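The values are calculated or read from the model by the stated rules, or taken from the named source; none is laboratory data. If you're wondering where the values come from, they're calculated on a predicted model, not measured in any experiment. Positions of Cβ are generated from backbone atoms using ideal geometry, with glycine treated the same way; all protein chains shown enter the neighbour counts. These accessible areas exclude ligands, DNA and RNA; they are computed on the full protein's heavy atoms, side chains included. Shrake-Rupley method; radii C 1.70, N 1.55, O 1.52, S 1.80 Å.
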Amino acid sequence: MKIALIGADGQLGTDIYKYFKEKDLEVIGLTEKEIDVCDLNICKDLLIKLKPDLIINTAAFHQVDVCEDEAVTTFDVNVAGVKILSDICLKLDIPLMHFSTDFVFGRYHKETPYTESDCPKPVSIYGISKLAGECVIQYVLKKYYLIRVCGLYGHAGSMGKGSNFVELMIRLAEEGKGIKVVDDQILTPTSTKDVARKLHELIQTGKYGLFHMTNTGSCSWYEFACEIFKLAGLSPNISPTTSEEFGAKARRPAYSVLDNKNLRAIGLEDMGNWKEALKDYIDER
Ligand SMILES: NC(=O)c1ccc[n+]([C@@H]2O[C@H](COP(=O)([O-])OP(=O)(O)OC[C@H]3O[C@@H](n4cnc5c(N)ncnc54)[C@H](OP(=O)(O)O)[C@@H]3O)[C@@H](O)[C@H]2O)c1
């Protein structure tokens, strides 16, 4: 199988590239220098010439607070770019694998994990754009793997965000700064390495659709930070805070844990607990 991987040097892209190569798949890694998903001509020229059997798109504009002020760029990358890729997949008669987010939820309050059949209602421009990207794929294509992930961290660090939460916390602790982390947003931190493994299992099934794909368990960002420090052997001055006090520009869901129900329905096992995945990551640093 020949795979065109867009965003190959990003956080998730790096782990997909590495793991799929280990599994002897032919992966052509494309970075933003080679392909801009918003450029119709470049995408067409490159992808139609490559003739892949699958396009994987990890590209996104996902600096959640910046998105509030830069809606045009946000929608260009997260919606118009996805339409360009969907049209190319339709023309080539191949599936598109694309990533969405737990941030499509949040406007109504739930305290149990969201399944794929729960109605998404985002609370930010980023979440709205990612939901629109989902709609575009489902409108254009029948063959797609639409994957909602949550709280990603991987060794490459998020290109779009400059780092990832684990590395940010460790850096702040090493700088000896007082750290305040929100304790009223609940998520499932998820390892990009674990996602890459599960994606490989998923493409072996050839089952298309919308899938939640996260590690299991849940915590607040504050609890996530405390676990990072425990595993890294650090004891910084950390205290919990509220979203209101923290005052980020964009709203975030108070609870956005995802139930991986559709993966289980096609016979794939749940991914490991977030604490075990985090331990692996810290041990490998
Ligand atoms: N990170 C999270 O916690 C999280 C949570 C939920 C969902 N997601 C979703 O998961 C996916 C992967 O996230 P990630 O953390 O791996 O992001 P990332 O590290 O920022 O990787 C995104 C990659 O896409 C590239 N890119 C950005 N704009 C592009 C464009 N217009 N054309 C082509 N390539 C472009 C980036 O290149 P440059 O850096 O050179 O621009 C980067 O290599 C995204 O769809 C994101 O929305 C992420």
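ASP45 falls short on exactly one of the conditions (1) without any contact (Cβ under 8 Å) to a residue 40 or more places away in the chain; (2) of a type outside the set (S, T, N, Q); (3) in contact with a strand residue (DSSP E or B) (Cβ under 7 Å, 6 or more places away or on another chain), and that condition is (3). Taken over the range 18-76, the criterion of being among the β-branched types (Val, Ile, Thr) and more than 12 Å from ALA4 (Cα to Cα) is satisfied by VAL37, ILE42, VAL64, VAL66, VAL72, THR73, THR74. What is the residue count in the range 9-32 for residues that are closer than 23 Å to TYR153 by Cα and either near the ligand (Cβ under 7 Å from one of its atoms) or free of Cβ contacts under 8 Å to residues at least 24 places away in the same chain (or both)? The number of residues fulfilling the criteria is 10.
Taken over the range 81-101, the criterion of being assigned to a helix (DSSP H, G or I), open to solvent by less than 20 Å² (accessible area, probe 1.4 Å) and more than 13 Å from the ligand (Cβ to nearest atom) is satisfied by SER86, ILE88, CYS89. Just one residue in the set LYS261, LYS279 is in contact (Cβ under 8 Å) with a residue 24 or more places away in the chain and in contact with a helix residue (DSSP H, G or I) (Cβ under 8 Å, 6 or more places away or on another chain); that residue is LYS279.
Looking only at residues of the range 159-192 that are open to solvent by 70 Å² or more (accessible area, probe 1.4 Å) and in a helix (DSSP H, G or I), we find that the one that is farthest from the ligand (Cβ to nearest atom) is GLU174. Residues in the range 48-80 that are of a type in the set (Val, Ile, Thr), in contact (Cβ under 8 Å) with a residue 24 or more places away in the chain and over 19 Å from GLY10 (Cβ atoms): ILE48 only.
Test VAL77 against the stated conditions and say whether it is among the β-branched types (Val, Ile, Thr) and either away from the ligand (no atom under 14 Å from the Cβ) or at pLDDT below 95 (or both). Judged against the criteria, VAL77 is not a match.
Among the residues of the range 38-58, at least one is farther than 20 Å from PHE103 by Cα, outside any helix (DSSP H, G or I), more than 13 Å from the ligand (Cβ to nearest atom) and open to solvent by 50 Å² or more (accessible area, probe 1.4 Å). With the structure loaded, tell me whether ILE128 is farther than 24 Å from GLY217 by Cβ, open to solvent by less than 30 Å² (accessible area, probe 1.4 Å), part of a helix (DSSP H, G or I) and more than 8 Å from the ligand (Cβ to nearest atom) or whether it fails that test. Spelling it out, it is not the case that ILE128 is farther than 24 Å from GLY217 by Cβ, open to solvent by less than 30 Å² (accessible area, probe 1.4 Å), part of a helix (DSSP H, G or I) and more than 8 Å from the ligand (Cβ to nearest atom). When the residues of the range 193-224 are filtered to those that are closer than 17 Å to SER158 by Cβ and part of a helix (DSSP H, G or I), the one that is nearest to the chain's Cα centre (by Cα) is VAL195. GLY13 fulfils the conditions (1) open to solvent by 20 Å² or more (accessible area, probe 1.4 Å); (2) closer than 30 Å to TYR255 by Cβ except for a single criterion, (1).
So that you can scan it fast, the table gives a plain yes or no per residue for (1) over 20 Å from LEU172 (Cβ atoms); (2) open to solvent by less than 30 Å² (accessible area, probe 1.4 Å):
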{"position": "PHE224", "(1), (2)": "no, yes"}
{"position": "ALA232", "(1), (2)": "no, no"}
{"position": "PHE246", "(1), (2)": "no, no"}
{"position": "ARG251", "(1), (2)": "yes, no"}
{"position": "GLU269", "(1), (2)": "yes, no"}
{"position": "LYS275", "(1), (2)": "yes, no"}
{"position": "LEU278", "(1), (2)": "no, yes"}
{"position": "TYR281", "(1), (2)": "no, yes"}
